[in-house]
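These notes are about the structure you will find just below.
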């Protein structure tokens, strides 16, 4: 009977209720994947999409009104 696929077999996971409880506790201890953190990440992603959309609209307006050339990004490359 092995420990994992890298060291001699598939993991069997926790075998007791205590082991399962420790696994559950350990897996969310860092707090990276809590419901609140995931919801916050979704909010940030949506805000980012909105900002990028607004910037795209502004860029189009500046190009249409002659304040920027159509290929202005090439002039800004470093």
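Quick look at the values:
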{"item": "Whichever residue in the stretch 23-38 is in a helix (DSSP H, G or I) and loosely packed, with under 10 Cβ neighbours inside 10 Å and, among such residues, is modelled with the lowest pLDDT", "result": "27"}
{"item": "In the stretch 9-22, the residues that are surrounded by fewer than 11 Cβ atoms within 10 Å (Cβ to Cβ) and modelled with pLDDT of 75 or more", "result": "13, 15, 16, 17, 18"}
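The values are calculated or read from the model by the stated rules, or taken from the named source; none is laboratory data. What you are looking at is a predicted structure, and each value in this text was computed from that prediction instead of being measured. Cβ: placed from backbone, ideal geometry, glycine included. Neighbour counts: every protein chain shown.
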